[in-house]
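**Student:** The structure is given below, and queries will be raised subsequently.
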Amino acid sequence: MITELLSLNVLIGIATSGIRLATPYLYAAIGETFGQRSGVLNLGVDGMMLLGAYAGFYVAFTTGNLWFGLLAAIIVGAVMGLAMAFISVNLQAEQGISGIGIYLFGLGMSDLLFQKTLGTVETVKGFRSISVPYLSDIPIIGEIFFQHNILVYGAFALVPLAWFVLNKTTLGLKIRAVGENTQAADSLGVSVSGVRYFTLTLGGILSGIAGASLSIALLNVFQVNLTNGLGFIAVALVYFGSWRPGGVLFGSLIFSLVNALQVWVQVLGIDIPSDIAVMMPYVLTILVLVFTVQRTRPPSALTKPFERGE
């Protein structure tokens, strides 16, 4: 069985699945990167993803329009991001606890809405794969990288875009300034509250899209706790990537490839207990946090509320 796992076709399948499964990690982790670079830790990502996944699926299921579903996920994500911003910026609540509250709200509300509106697991025809002309015809590489749906391409395009915004624009400079020294940023006329509202709302939108990518693009189904903790892995990926989009991309690919590997291990019937195989991505999360927290320096203002005049 191990020999079969190392065959060319299976390795291509693992790599292709890894690219596809990186999609929700990228959307959620890039959104969280913006929030943390402005000084706010959002542990509610998973709850936002769940509500985005439900909204996207339900609207797509009832209207038959996937784009309407995606729009619904974006709106729900934006509302949840604004809620997190209000709690963190205006109320200055402890960010870790408020984030867990957002997560629990998303988990419970998505479950309640699912039971009341659907009641049973349904499916939709999700976004279809789009073969990139010419590039998709390249042997091996074309199959791995250039035969995916539009949300997969969007997730990978988001990485250089996020890097450009954070490092080459005035907006990015303001975000980084707020995340490092709120008092200095405020003294230079930067609206700390405005920047944090923007990054948290953007993070909510991207978390909503991350959830929708699961329910109407990758799995094409919604069920209770669909994300299964993926949002918390996305938060860990921000630390793994040292708050850089490129690092987040690298970490997302590692986690998604491990996830794809455990799926193929079960498909091929390799003699490894299924529970151990499923645990692999989460064990990797713990190891990543143990080794990366020691060597990385977070934004100086992360988790610190701001009040003018302090």
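**Student:** Given the conditions (1) surrounded by fewer than 24 Cβ atoms within 10 Å (Cβ to Cβ); (2) without any contact (Cβ under 8 Å) to a residue 12 or more places away in the chain, which single one is not true for Ala185?
**Tutor:** Among (1) surrounded by fewer than 24 Cβ atoms within 10 Å (Cβ to Cβ); (2) without any contact (Cβ under 8 Å) to a residue 12 or more places away in the chain, the lone unmet condition for Ala185 is (1).
**Student:** Please enumerate the residues belonging to the stretch 184-216 that are touching an Asp or Glu at 6+ places or on another chain (Cβ under 9 Å) and farther than 21 Å from Val59 by Cα.
**Tutor:** Val192, Gly203
**Student:** Got a sec? Which of Gly241, Gly229, Gly246 is among the small types (Gly, Ala, Ser) and buried (at least 18 other Cβ atoms within 10 Å of the Cβ)?
**Tutor:** Gly241
**Student:** I'd like to know if the stretch 101-118 contains one or more residues that are of a type in the set (Lys, Arg), out of contact with any Phe, Trp or Tyr (no Cβ under 6 Å at 6 or more places or on another chain) and touching a residue at least 40 places away in the same chain (Cβ under 8 Å).
**Tutor:** Applying the first criterion (of a type in the set (Lys, Arg)) to the stretch 101-118 yields 116.
Still in the running and out of contact with any Phe, Trp or Tyr (no Cβ under 6 Å at 6 or more places or on another chain): 116.
Now drop any that are not touching a residue at least 40 places away in the same chain (Cβ under 8 Å), which leaves none.
The answer is no, given that none of the residues of the stretch 101-118 is of a type in the set (Lys, Arg), out of contact with any Phe, Trp or Tyr (no Cβ under 6 Å at 6 or more places or on another chain) and touching a residue at least 40 places away in the same chain (Cβ under 8 Å).
**Student:** Here are the criteria: (1) at pLDDT 95 or above; (2) in contact with a Ser or Thr (Cβ under 8 Å, 6 or more places away or on another chain); (3) closer than 27 Å to Gln183 by Cβ; (4) among the polar types (S, T, N, Q). Tell me which single one Ser213 does not satisfy.
**Tutor:** Every listed condition holds for Ser213 apart from (3).
**Student:** Name every residue in the stretch 228-268 that is of a type outside the set (S, T, N, Q) and free of Cβ contacts under 8 Å to residues at least 24 places away in the same chain, in order of residue number.
**Tutor:** Gly247, Phe250, Val267
**Student:** Within the stretch 128-149, which residues are under 15 Å from Ser17 (Cα atoms), in a helix (DSSP H, G or I) and not charged (D, E, K, R)?
**Tutor:** Ile141, Gly142, Ile144, Phe145
**Student:** Since Arg37 meets every condition but one in (1) surrounded by fewer than 20 Cβ atoms within 10 Å (Cβ to Cβ); (2) of a type in the set (D, E, K, R); (3) under 25 Å from Leu253 (Cβ atoms), which condition does it not meet?
**Tutor:** If we test Arg37 against (1) surrounded by fewer than 20 Cβ atoms within 10 Å (Cβ to Cβ); (2) of a type in the set (D, E, K, R); (3) under 25 Å from Leu253 (Cβ atoms), just (1) comes out false.
**Student:** Just checking, which of Glu143, Glu180 is of a type in the set (Asp, Glu), within 17 Å of Arg244 (Cβ to Cβ) and touching a residue at least 24 places away in the same chain (Cβ under 8 Å)? Let's see the steps before the verdict.
**Tutor:** Working: Glu143 fails: within 17 Å of Arg244 (Cβ to Cβ).
Selected residue: Glu180, the only one of Glu143, Glu180 that is of a type in the set (Asp, Glu), within 17 Å of Arg244 (Cβ to Cβ) and touching a residue at least 24 places away in the same chain (Cβ under 8 Å).
The values are calculated or read from the model by the stated rules, or taken from the named source; none is laboratory data. All of these numbers come straight from a predicted model, not from anything done at the bench. Using ideal geometry, Cβ is built from the backbone for each residue, glycine included, and neighbour counts are taken over all protein chains shown.
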